[in-house]
Amino acid sequence: MLAAAASDVGQNTWELWRLDTGGGWFHPIHVHLVDFFVMQRGNNAGTDGLFAFERDTPKDVVFLGPSQTIWLIAR
């Protein structure tokens with residue numbers, strides 16, 4: 001998983017996070033001390049690829065599947 005952090009994130013601003021696996025492994029991802037919204041799963045144009053339970057509700061755990069990318073927003 002590639003991680004990069006911005007050095008100038010303001011308080012109470014929204015951040016877009018992209019998480020991806022580098023190969024065939026999978027893992028539940030838990031972010032401490034912040035809830036987030038899952039915006040898109042996978043790389044399919046025209047569809048967000050989300051499960052019904054992932055829509056429109058804050059989360060603190062998300063499943064990242066094999067060779068998958070997900071986008072989250074968090075504040």
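The values are calculated or read from the model by the stated rules, or taken from the named source; none is laboratory data. These figures come from a predicted structure and were not determined experimentally. Cβ sites come from the backbone with ideal geometry, for glycine too, and all protein chains shown count toward neighbours. Side chains included, ligands, DNA and RNA excluded: accessible areas come from the protein's heavy atoms. Shrake-Rupley method; radii C 1.70, N 1.55, O 1.52, S 1.80 Å.
Listing for the model above:
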| item | result |
| --- | --- |
| Residue within region 10-32 that is under 13 Å from the mean Cα position of the chain (by Cα), at pLDDT below 90, acidic (Asp, Glu) and assigned to a loop (DSSP other than H, G, I, E, B) present | no |
| Every pair of residues 6+ apart whose Cβ atoms lie under 7 Å, when the first sits in region 20-49 and is within 15 Å of Pro66 (Cα to Cα) and small (Gly, Ala, Ser) while the second is open to solvent by 90 Å² or more (accessible area, probe 1.4 Å) and at pLDDT below 90 | Gly22/Met1 |
